[in-house]
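First up is the structure itself, then whatever we jot down about it.
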Amino acid sequence: MSILLAEELPHASGWVVLIVMAGVSAVAMLVCGAFARRDDGAVARLFARRPVGMLALNAGLSILAYLGATIVLLSILRARGMVDLEKMTEETIPPLVMILLSVMLPAVSLLMLVVGLRYIVPGGFGQVGLKRELPARAILPAIGFLVAVLPFIFLVSNLAEWFYQRIGMRHANEHPLLHSMDGTGAQWAKILASIAAVVLAPLSEEILFRGHIQTMLRSVLNGSLIWLRRIAPPAVFATPAAPSSQEGVAPSPPAVVLPYEPRAIAPPPELPVGPSLEAFWVSVTAVILTSLLFAFVHPGWTRPPIFVLSLFLGFAYERRGNLWTTIFMHAMFNGVMVLGFLFMTHPTS
């Protein structure tokens, strides 16, 4: 659950601000290697030919665990008279109940994902880019990608807010979890909410969306492209034969000329062979589809900037082949939003 304050972001004061922010974004992306040639190690890790059936099973089990935990928790809370399911909306959920759900549900999903990667998915942690030696190498790139995405989120948030005002759409001023933090006076509840936003949500969402869903989409798209190249007719991979004679020149002795050079006898190379154009478009498609799904599961008014955030998260994952990069990036983004909210609502505390 990414935290976003579209209403709280200040409106742009002019094009100069946007140009400066775009420059900062470009420099940050250069520093973190966003435009550099994708190294062969990252490509090999991302495009390794592994079956994704167990990965899909693990993702499905984690989603079922999330839904099952939701039903159980709401049933318990209803039995204790803490919620009225018939009248319950995001605005009417008591703050402590919202915080409890925001802690327990991602924790259940995360536990299922980690257990599945350990016991269900062969080489699970390595398959999603969660090897133990990779976290330290992910912090600086995560900072670079985060600095790069903030100007785009700023711009898209203001454009979305301008559009909402034009169509008369009303929405909450902050994320429900942030609203719950402001609605409870208990310090321990605010700490739990911060842990949910900065630790549990980034871990569970990145492992599910980037580690599982984006990996599965990339693998399916890559396999489909390889299949299409294998069934394509030989002429697709051939070049025309050179003419046997020219005007004014004595013709060469007769020779058997094939309609095409037999280059397609050998099977076409599988993807990827180093960083390739095909691998690039496979990655782009997987990132866009995952981002659409990621934005869809968030509150409606936050979806445009959340989609932009998810694009950069997916792009960072594809460039680095390291899921820790997106986890740290997601956690820092949520942390900045939480700190900004607390500072604006309680500037002297």
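Which residue out of Leu117, Leu177, Leu111 is open to solvent by less than 30 Å² (accessible area, probe 1.4 Å) and within 30 Å of Met54 (Cα to Cα)?
On the way: Leu177 fails: within 30 Å of Met54 (Cα to Cα); Leu111 fails: open to solvent by less than 30 Å² (accessible area, probe 1.4 Å).
Just a single option satisfies the conditions, and that option is Leu117.
When Ala44, Ala26 are checked against the criterion of being at pLDDT 75 or above and open to solvent by 10 Å² or more (accessible area, probe 1.4 Å), a single residue qualifies: Ala26. Contact map, segment 64-78: first residue at negative phi and without any contact (Cβ under 8 Å) to a residue 60 or more places away in the chain, second residue of a type in the set (Gly, Ala, Ser) and in a helix (DSSP H, G or I), Cβ cut-off under 9 Å, separation 6 or more or different chains; pairs are Ala65/Ser109; Tyr66/Ser109; Tyr66/Ser204; Ala69/Ala107; Ala69/Ser109. Criterion applied to Arg170, Arg166, Arg137 was being at pLDDT 85 or above and among the basic types (Lys, Arg), and the one residue passing it is Arg166.
Given the criteria open to solvent by 50 Å² or more (accessible area, probe 1.4 Å) and either modelled with pLDDT of 55 or more or farther than 20 Å from Ala48 by Cβ (or both), does Leu309 qualify? Considered against the rule, which asks whether it is open to solvent by 50 Å² or more (accessible area, probe 1.4 Å) and either modelled with pLDDT of 55 or more or farther than 20 Å from Ala48 by Cβ (or both), Leu309 comes out as no.
Every test in (1) surrounded by fewer than 24 Cβ atoms within 10 Å (Cβ to Cβ); (2) assigned to a helix (DSSP H, G or I) is passed by Ala286 save one, and that test is (1).
In segment 120-134, the qualifying residues are those that are in a loop (DSSP other than H, G, I, E, B) and surrounded by fewer than 17 Cβ atoms within 10 Å (Cβ to Cβ), and the one that is modelled with the lowest pLDDT is Glu133. Scanning segment 110-147 for residues being among the charged types (D, E, K, R) and over 30 Å from Met29 (Cβ atoms) gives a total of 1. Would it be correct to say that Arg230 is of a type in the set (D, E, K, R) and open to solvent by less than 10 Å² (accessible area, probe 1.4 Å)? Answer is no for this residue. Within segment 149-165, no residue that is farther than 15 Å from Leu311 by Cα sits with its Cβ atom under 8 Å from a residue that is modelled with pLDDT of 85 or more and open to solvent by 90 Å² or more (accessible area, probe 1.4 Å) at 6+ positions apart or across chains.
Here is the figure for segment 328-342: residues that are open to solvent by less than 10 Å² (accessible area, probe 1.4 Å) and closer than 24 Å to Leu130 by Cβ total 4.
Does segment 327-349 include one or more residues that are part of a loop (DSSP other than H, G, I, E, B) and either at pLDDT 85 or above or in contact with a Gly (Cβ under 8 Å, 6 or more places away or on another chain) (or both)? Taking every residue of segment 327-349 in turn, none turns out to be part of a loop (DSSP other than H, G, I, E, B) and either at pLDDT 85 or above or in contact with a Gly (Cβ under 8 Å, 6 or more places away or on another chain) (or both).
In segment 289-300, of all residues being assigned to a helix (DSSP H, G or I) and in contact with a Leu (Cβ under 9 Å, 6 or more places away or on another chain), the one that is surrounded by the fewest Cβ atoms within 10 Å (Cβ to Cβ) corresponds to Leu289.
The values are calculated or read from the model by the stated rules, or taken from the named source; none is laboratory data. Because the structure is predicted, anything quoted here is derived from the model rather than measured. Methodologically, a virtual Cβ is constructed for each residue, glycine included, from the backbone with ideal geometry; neighbour enumeration extends over all protein chains shown. Just so you know, the surface numbers come from the protein's heavy atoms only, side chains and all, with ligands and any DNA or RNA stripped out. Shrake-Rupley method; radii C 1.70, N 1.55, O 1.52, S 1.80 Å.
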